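First comes the structure, then the notes that go with it.
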Amino acid sequence: MDLPRTPSFRLDGRHALVTGASSGIGLAAAAALAGAGARVTMVARGLADLQRAADAVGAAGGRATALGLDIADLDAARDVVTANGPFDILVNSAGLARHAPALDTTPADYDAVLGLNLRAAYFLTREVARGLIAAGRPGSLINVSSQMGHVGGPDRAVYAASKHALEGMTKSMAIEWGPHGIRVNTLCPTFIRTPLAEQTLRDPDRRAWILSKIALGRVGEIEDVMGPVVFLASDASALVTGAALMVDGGWTAE
């Protein structure tokens, strides 16, 4: 009997672009993709920290290049994709949170969060897709969303708005680019122990609220996102597009 063969999780011969790659989820994604064999271009605004991160990926046996870039600068982002692509894999991890009660939200906070979490992600994803379509290549584009792209939470109206919008954007792009073999999905973590989440996790009341929502009873570690990133990037998820992969410990199961 001929048994079916598990599709490969390996990414040899593929080129990945990871944003927000100097720390947190972005760094974990870059390390995971490099560990699976991909060549990784790591981008972030702070070049010094980014170079240290790329050096660490290289020291672990991966292939990584650091490029300083503010993806909110749409022209610069387009030029980077044009000069260095096409990219077979995109992990859009750069993000911003400015938590406050909705009654206290300022236009500046709204513009900053939506400008990075949605506007920059939209146009960078589009540029990577354009490069793939021009080259006649398939690809996997992964937008790091959040459980807050599916639920709401206190002091998170602006952040949740950006992530809910990212979910709709991803689904629509998946429909449009499916005929080109380009898959577009979101990765939706719960609170992961990163610098972005540390202020919230230090607050005893907020931490108690978080733990009360997570069925597995713990906050996430950056290692928790690494396997899911490789899965979405690889042939193991060849029929997965327009989907949201929840890495939330059961938060949204209710």
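From the list G153, G131, the one residue that fits, being of a type outside the set (D, E, K, R), free of Cβ contacts under 8 Å to residues at least 40 places away in the same chain and over 15 Å from A233 (Cβ atoms), is G153.
Hey, does the range 52-67 have a residue that's under 21 Å from M173 (Cβ atoms), touching a helix residue (DSSP H, G or I) at 6+ places or on another chain (Cβ under 6 Å), assigned to a strand (DSSP E or B) and of a type outside the set (D, E, K, R)? No, there is no match, as no residue in the range 52-67 is under 21 Å from M173 (Cβ atoms), touching a helix residue (DSSP H, G or I) at 6+ places or on another chain (Cβ under 6 Å), assigned to a strand (DSSP E or B) and of a type outside the set (D, E, K, R). Kindly evaluate G249 against the criterion of being buried (at least 19 other Cβ atoms within 10 Å of the Cβ) and on the phi > 0 side of the Ramachandran plot. For G249, the condition - buried (at least 19 other Cβ atoms within 10 Å of the Cβ) and on the phi > 0 side of the Ramachandran plot - is met. One residue stands out among those in the range 45-68 that are among the hydrophobic types (A, V, I, L, M, F, W, C), touching a strand residue (DSSP E or B) at 6+ places or on another chain (Cβ under 7 Å) and modelled with pLDDT of 95 or more: the one that is nearest to A121 (Cα to Cα), which is L67.
A quick yes/no check of all residues on (1) at negative phi; (2) part of a strand (DSSP E or B); (3) surrounded by fewer than 17 Cβ atoms within 10 Å (Cβ to Cβ):
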{"site": "L90", "(1), (2), (3)": "yes, yes, no"}
{"site": "A97", "(1), (2), (3)": "yes, no, no"}
{"site": "L103", "(1), (2), (3)": "yes, no, yes"}
{"site": "V113", "(1), (2), (3)": "yes, no, no"}
{"site": "L116", "(1), (2), (3)": "yes, no, no"}
{"site": "A121", "(1), (2), (3)": "yes, no, no"}
{"site": "I142", "(1), (2), (3)": "yes, yes, no"}
{"site": "A174", "(1), (2), (3)": "yes, no, no"}
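Inside the range 84-101, residues that are modelled with pLDDT of 95 or more and farther than 22 Å from L11 by Cβ make up a count of 0.
Within the range 184-208, being out of contact with any Phe, Trp or Tyr (no Cβ under 8 Å at 6 or more places or on another chain) and touching a residue at least 40 places away in the same chain (Cβ under 8 Å) holds for N185, T186, L187, C188, P189, I192, T194, P195, L196. Checking each residue in the range 232-246 for being in contact (Cβ under 8 Å) with a residue 24 or more places away in the chain and either crowded, with 17+ Cβ neighbours inside 10 Å or part of a loop (DSSP other than H, G, I, E, B) (or both) picks out L232, A233, S234, S237, A238, V240, T241, G242, A243, A244, L245, M246.
The values are calculated or read from the model by the stated rules, or taken from the named source; none is laboratory data. Quantities reported herein were computed from a predicted structural model and do not represent experimental measurements. All Cβ positions, glycine included, derive from the backbone under ideal geometry; neighbour counts span all protein chains shown.
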